[in-house]
1. What about G296, is it under 21 Å from the mean Cα position of the chain (by Cα) and modelled with pLDDT under 95?
2. Among the residues of region 55-74, how many are part of a loop (DSSP other than H, G, I, E, B) and either touching a Leu at 6+ places or on another chain (Cβ under 7 Å) or surrounded by 23 or more Cβ atoms within 10 Å (Cβ to Cβ) (or both)?
3. Within region 87-113, track down each residue that is in a loop (DSSP other than H, G, I, E, B), more than 16 Å from ligand 1 (Cβ to nearest atom) and touching a residue at least 12 places away in the same chain (Cβ under 8 Å).
4. Have a look at T197, T183, T189 and point out the one that is more than 10 Å from ligand 1 (Cβ to nearest atom), within 19 Å of the chain's Cα centre (by Cα) and touching a residue at least 12 places away in the same chain (Cβ under 8 Å).
5. From the residues in region 179-188 that are outside any helix (DSSP H, G or I) and within 15 Å of ligand 2 (Cβ to nearest atom), which one is surrounded by the fewest Cβ atoms within 10 Å (Cβ to Cβ)?
6. Would you say G176 is closer than 22 Å to A117 by Cα, crowded, with 21+ Cβ neighbours inside 10 Å, more than 16 Å from ligand 2 (Cβ to nearest atom) and not polar (S, T, N, Q)?
7. Does region 189-211 include one or more residues that are assigned to a loop (DSSP other than H, G, I, E, B) and within 11 Å of ligand 2 (Cβ to nearest atom)?
Amino acid sequence: MEELVQEERTQRASSFEEEVLRDYWIALVSREASLLARKEVLTGKAKFGIVGDGKEVPQIALAKFFRPGDWRSGYYRDQTLMFALDLSTIEAYFAQLYADPDNDPFSGGRQMNSHYATPLIDREGNWLPHQDMRNVSADISSTAGQMARALGLALASKKYREHPELSATGSFSDNGNEIVFCTIGDASTSEGVFWETMNAAAVQQVPMIVSVWDDGYGISVPIDYQTTKKSISKALSGFHSDIIGEGIYMVTVKAWDYPTLCKVYQEVTDHVRTTHQPALIHVKEVTQPQGHSTSGSHERYKSKERLAWGGRI
Ligand SMILES: Cc1ncc(C[n+]2csc(CCOP(=O)(O)OP(=O)(O)O)c2C)c(N)n1
Ligand SMILES: [Mg+2]
């Protein structure tokens, strides 16, 4: 018996170790892809690059709890999530950077780069079984444009839960048990559609989790000029609810704190999937090691201290 227990413990430990190593590997490869992407643009091989360095770890934590049938409605920083969900390969990532019409699986080179999508229909035009897929609705270049769509997708799940007979109409929903994972940058939370969406989600109580990747900048504009109290979770505090209340379930977590991120994403996804209460995860201390995009140099507007801090992780 003692031996069996020991063996089980060893197995559990090794699968845990494997998981942590796999996560580290995804973060590492994703960071290298970001560094190479900037070089590819600045050496003239691609036109423009906007990449996800600094946002790796929270996306890896999120991916662990993203189930088939769930949706992402997000923005251009989410390459690590795409890698972790097996929805992008490195080849696909560079194909979209080069706007390669034959090999970019997201838009065939038609969208701005780092705009992700999964197909909704097959080549013959038939619906794909969304309830069995990890779904990404096509990114939109206007910042915060992903918000209203996230709300619509989450509202659909609410309807499917309220009307079980709807599930028989196709492979779109597992009785409303899916979640919409919405991602947005700190500066884009200043936009009207962000606030309208949060209010409507709280009133309607829909299964939407908004992750704010807070790197403290919107291009060159620091958060001091952009967000009330320099904190979107503080600014939203009137929306906050505890687990049994109304409103939005809100949690704050640091972008480099891997164990807490894993715990928070597990807790919040379980809660939202069960209750359909919307949630906001304010991910703070996100870095931006190469600045906003290949069209700028953050050395021109960030302090030496911030540059030193942001370059570490
Ligand atoms: C409606 C709209 N206004 C302005 C822009 C230009 N723009 C692109 S990204 C960006 C800053 C976004 O900052 P944030 O939301 O913090 O995301 P981050 O890039 O820092 O992750 C701006 C202003 C845009 N794409 N859409
Ligand atoms: Mg930002």
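The values are calculated or read from the model by the stated rules, or taken from the named source; none is laboratory data. Here the structure is a predicted model, which is why all the values come from computation and not from measurement. Reconstructed Cβ throughout: ideal geometry from the backbone, glycine too, with neighbour counts over all protein chains shown.
1. Working: under 21 Å from the mean Cα position of the chain (by Cα): no; modelled with pLDDT under 95: yes.
In short, no.
2. Taking region 55-74 as the starting set, the residues that turn out to be part of a loop (DSSP other than H, G, I, E, B) are 55, 64-70, 74.
Adding the requirement that they be either touching a Leu at 6+ places or on another chain (Cβ under 7 Å) or surrounded by 23 or more Cβ atoms within 10 Å (Cβ to Cβ) (or both) leaves 55, 66, 70, 74.
Residues meeting the conditions: 4.
3. Start the filter on region 87-113 by keeping residues that are in a loop (DSSP other than H, G, I, E, B), which leaves 87-89, 98-113.
Within this subset, residues satisfying the condition of being more than 16 Å from ligand 1 (Cβ to nearest atom) are 87-89, 98-110.
Correct list: L87, S88, Y98, A99, N103, D104, P105, F106, S107, G109.
4. On the way: T183 fails: more than 10 Å from ligand 1 (Cβ to nearest atom); T189 fails: more than 10 Å from ligand 1 (Cβ to nearest atom).
Going through T197, T183, T189 in turn, just one is more than 10 Å from ligand 1 (Cβ to nearest atom), within 19 Å of the chain's Cα centre (by Cα) and touching a residue at least 12 places away in the same chain (Cβ under 8 Å): T197.
5. Step one: of region 179-188, the residues outside any helix (DSSP H, G or I) are 179-186.
Imposing the further condition that a residue be within 15 Å of ligand 2 (Cβ to nearest atom) reduces the set to 183-186.
Numbers: T183: 27, I184: 27, G185: 22, D186: 24.
Only one residue tops the list, namely G185.
6. On the way: closer than 22 Å to A117 by Cα: yes; crowded, with 21+ Cβ neighbours inside 10 Å: yes; more than 16 Å from ligand 2 (Cβ to nearest atom): yes; not polar (S, T, N, Q): yes.
Yes, satisfied.
7. First pass over region 189-211, keeping only residues assigned to a loop (DSSP other than H, G, I, E, B): 191, 205-207.
When the remaining residues are screened for being within 11 Å of ligand 2 (Cβ to nearest atom), the result is none.
No, that holds for no residue.
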